[in-house]
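The values are calculated or read from the model by the stated rules, or taken from the named source; none is laboratory data. If you're wondering where the values come from, they're calculated on a predicted model, not measured in any experiment. Every residue, glycine among them, receives a Cβ derived from its backbone with ideal geometry; neighbour counts consider all protein chains shown.
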């Protein structure tokens, strides 16, 4: 339950005006300027009389109801059937002026834990939250509270926002000439690199209400560094609400309470550091205004607007069903947030049913009064004297299966309603229920699902001291890959007297019910919605966006001819290879000319020389030997654009019927898209080895110290190393590897109907599941009994191994100065981090290095079949692509592995390995039934040399389409040190395991 603000979008955009609210006198007798108010509402199609009439129609339609009863849950469950209803009243009737006053009282009821839980978080973590919301490192918890007289001093050498993590981002006003046009360079365009010139930041609260909790954040805003100007606030706070009187009252009270002497004659607080403003609007009006740059034009004249942060507090997300919440978040992000902008969202958990029930039906009857007041409001809208509240009672329940509280009115007697202007009366039977509000609660998987669907990346999460409530900070990143495992399907009982439209939302159909226990649909496993057929144009756009982020913002022009690792080409090669490979395959398949024959010759294939004899190498292109003979960056960018347009034109031909699609062409598009994704990862592990690589633009940089504290706390909760080294035992059994995907049958499948919908086209092609040639055909492999460690080898454990064996075989993912491991650092795209930050990350090392560790522990690396069995196991960290797992750029670095655990409500949460591929002891080799790919004959067969070993899973920069397909088998040479791969130890006889090996007493503590 939270105050609702309508999301209705007006038919015509309202003119923006600054409506003055009556000026008031300040202490010196001068008139204070009018409250800054952005009025998007009064002249719009959503305003007053129009809105009241729309509400009247909604009330009447809801009271007339539908023919069949809606069962809020399972139609076969007796308890659910007791709450069957066919009439509704809109939730907005609850939030009249008097309703809001009653709401402010009910939240103070001791049973209403949501208010206290959110207040607890905001009061304890406000400083951390606002710093992270604007891309800054949180203050150290060990430091004294900031004192006002020291605040200006502490920030005198900072500008807003402050870039950290060892890489300076201090630029001239028009950019940095060291990094080029697409990195904010001197000739750069604003927005090309996802950043903007420094300006005043904005914090906008959706449905602001009383501000009693928000004040913690407003106070913390004063601790942010200066915005680079001296004539105004560092941050502008905007309270968005639909109640103009409430906006005036709360902002005036805020000013009276928080204003310092300097704020007396202007609408600011905290010594002028925080501006306060009102926005009279619906959600959609406000978001549209923000997205069109309205805040910059309104407040900052010609200044560039700084970062934005939206606040959505009060568990307001619970007013939407889960799909509605996901769609609103997606709309809010796309409408009003730019890359790197953030949103703060509070979510109530699926808590103990008794506690939730009491929260919504307190002993003092405050909630009851609030709900019944809604009937008074509805009666007023209907004209008065129509709906008698005394003939109804408040009736409610917490539906623990669906994870929502449900509020109803129950008729105490048979009621006949005569509504002015309506010909037919409405008769409500005694005991009949009228549904008015649902408040949704979330377990972790449901929360992660909706953010992932919305294209938002989680930066941090804060929980209250009793673990009942969460506030998530999310950002709109420069690009986002949606998980392949979302939206687990609808219920199958919509034929029980219900239409699909009636079932949608009200009953929870098509919600994000992740698995058994999270809903009544009985689905035990996440539904894999990805088809792995012909990709959509959106999938192409998403991957091009990722490619541009890496190639245009992370590689300075001076680095293009650099070879970060000796076993690969210069960086520039990969900028040409990706479009060239795509263009070559299209031209060969369609027998058409190449877009640029010279580029096809140079960039067709890369190199993978044998590490023990670099003169031995796979077939590859002959590349220029002189710098001046390579194409210029601008030429390659233009070439890439032409090839991308070629793909779009072909898709347009399939939509118009100009060309007929078959499986071969569909496979070509799938293969080239996935090839690009694989090479994106290749380029990134090369870039990680160079000190010249820039951090990715359009993503908030990590706060390493804050993350390290959270990671250490989480590790303690899961029982630390003892739990990580726990053995999982497997009996002898058979495992299935691969799938059936015979490319010789491609021409047997054609799309006879033109379409611009790839889902439809794939359906016409028989819904293919494409894969590489080493994934076909499906085959069974036997394994013996084995035991495997629950978590992969981490950096701390590998360092312990090196110390005990007196070895200096350091992974290439580490930086060590001489033999001084006390200064050991781990590489990241944000600069190196200390071991105490990365100690629990999976150790990224060569297969040889991790094999040596396994032998030291008395074990070995798993075979491909063994690791596949482990990843498939229900009780293991088996999910390689799922919101919460670390793949698909959810982070730009590894994180500590998470072991499987029950969620707060008992829902099982699968673990993950921290974001690395995992080495096996199996060589890549030809097997019975293997056939070379027709489109890419040498993909696997060029590496059947006994030197390349299989890795499974996916890393933090592997796209979900790869990490989520269990049949994928990647490979590298065992000594290859640069890959984002880890490993775990397997034992044939578990008694040989060296559990939690104790360091020798002469060793110094690990840093």
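Check 966, 984 and return the single one that is within 33 Å of the chain's Cα centre (by Cα), modelled with pLDDT under 95 and either within 23 Å of residue 812 (Cα to Cα) or surrounded by fewer than 22 Cβ atoms within 10 Å (Cβ to Cβ) (or both). Exactly one of 966, 984 is within 33 Å of the chain's Cα centre (by Cα), modelled with pLDDT under 95 and either within 23 Å of residue 812 (Cα to Cα) or surrounded by fewer than 22 Cβ atoms within 10 Å (Cβ to Cβ) (or both), namely 966. Please state which one of 654, 699 is more than 26 Å from the chain's Cα centre (by Cα) and surrounded by 20 or more Cβ atoms within 10 Å (Cβ to Cβ). Exactly one residue qualifies, and that residue is 654.
Among the residues that make up segment 716-728, is at least one of them part of a strand (DSSP E or B) and over 30 Å from residue 934 (Cα atoms)? Yes, segment 716-728 contains at least one residue that is part of a strand (DSSP E or B) and over 30 Å from residue 934 (Cα atoms).
Of the set (1) in a helix (DSSP H, G or I); (2) touching a residue at least 24 places away in the same chain (Cβ under 8 Å), all apply to residue 649 but (2).
Among the residues of segment 923-952, those identified as touching a helix residue (DSSP H, G or I) at 6+ places or on another chain (Cβ under 8 Å) and in a loop (DSSP other than H, G, I, E, B) are 924, 926, 930, 931, 932, 933, 934, 935, 936. Within segment 279-294, does at least one residue satisfy the condition of being within 18 Å of residue 206 (Cβ to Cβ) and part of a strand (DSSP E or B)? Checking segment 279-294: at least one residue is within 18 Å of residue 206 (Cβ to Cβ) and part of a strand (DSSP E or B). Taken over segment 309-357, the residue count meeting the criterion of being part of a loop (DSSP other than H, G, I, E, B) and either within 16 Å of residue 454 (Cβ to Cβ) or touching a residue at least 60 places away in the same chain (Cβ under 8 Å) (or both) is 12. Within segment 534-541, is there a residue that is over 24 Å from the mean Cα position of the chain (by Cα), surrounded by 22 or more Cβ atoms within 10 Å (Cβ to Cβ) and modelled with pLDDT of 95 or more? So far as segment 534-541 goes, yes, one or more of its residues are over 24 Å from the mean Cα position of the chain (by Cα), surrounded by 22 or more Cβ atoms within 10 Å (Cβ to Cβ) and modelled with pLDDT of 95 or more.
Of all residues in segment 436-467, those satisfying the criterion of being in contact with a helix residue (DSSP H, G or I) (Cβ under 9 Å, 6 or more places away or on another chain) and either within 25 Å of residue 408 (Cβ to Cβ) or in the same structural domain as residue 912 (by TED's automatic domain parsing) (or both) are 436, 437, 438, 439, 440, 441, 442, 446. In segment 785-810, of all residues being in a loop (DSSP other than H, G, I, E, B) and in contact with a strand residue (DSSP E or B) (Cβ under 9 Å, 6 or more places away or on another chain), the one that is farthest from residue 862 (Cα to Cα) corresponds to 808.
Could you check, for segment 358-365, whether at least one of its residues is buried (at least 22 other Cβ atoms within 10 Å of the Cβ) and either in a helix (DSSP H, G or I) or in contact with a strand residue (DSSP E or B) (Cβ under 9 Å, 6 or more places away or on another chain) (or both)? Within segment 358-365, one or more residues are buried (at least 22 other Cβ atoms within 10 Å of the Cβ) and either in a helix (DSSP H, G or I) or in contact with a strand residue (DSSP E or B) (Cβ under 9 Å, 6 or more places away or on another chain) (or both). Residue 637 passes every criterion in (1) at pLDDT 90 or above; (2) within 26 Å of residue 939 (Cα to Cα); (3) part of a helix (DSSP H, G or I) apart from (2). For segment 63-134, the helices (runs of 4 or more DSSP H) that sit wholly inside it and include 1 or more residues that are more than 30 Å from the chain's Cα centre (by Cα), more than 30 Å from residue 244 (Cα to Cα) and touching a residue at least 60 places away in the same chain (Cβ under 8 Å) are 78-82. For segment 80-121, the set of residues classified as touching a helix residue (DSSP H, G or I) at 6+ places or on another chain (Cβ under 7 Å), more than 30 Å from residue 380 (Cα to Cα) and surrounded by fewer than 23 Cβ atoms within 10 Å (Cβ to Cβ) consists of 111, 113, listed by residue number.
Residues in segment 400-427 that are modelled with pLDDT under 95 and surrounded by 22 or more Cβ atoms within 10 Å (Cβ to Cβ): 402, 403, 404. For residue 866, the criteria (1) in a loop (DSSP other than H, G, I, E, B); (2) under 22 Å from residue 963 (Cβ atoms) hold in every case but one, which is (1).
Tallying residues that are in contact (Cβ under 8 Å) with a residue 40 or more places away in the chain and either in a loop (DSSP other than H, G, I, E, B) or within 26 Å of residue 911 (Cβ to Cβ) (or both) within segment 743-765 yields 7.
Across segment 439-484, the number of residues qualifying as at pLDDT below 95, assigned to a strand (DSSP E or B) and surrounded by fewer than 22 Cβ atoms within 10 Å (Cβ to Cβ) comes to 0.
Candidates 585, 575, 552, 560: the one that is crowded, with 22+ Cβ neighbours inside 10 Å and in contact with a helix residue (DSSP H, G or I) (Cβ under 6 Å, 6 or more places away or on another chain) is 575. Determine, yes or no, whether residue 413 is over 30 Å from residue 696 (Cα atoms), more than 39 Å from the chain's Cα centre (by Cα), without any contact (Cβ under 8 Å) to a residue 60 or more places away in the chain and not in a loop (DSSP other than H, G, I, E, B). Spelling it out, it is not the case that residue 413 is over 30 Å from residue 696 (Cα atoms), more than 39 Å from the chain's Cα centre (by Cα), without any contact (Cβ under 8 Å) to a residue 60 or more places away in the chain and not in a loop (DSSP other than H, G, I, E, B).
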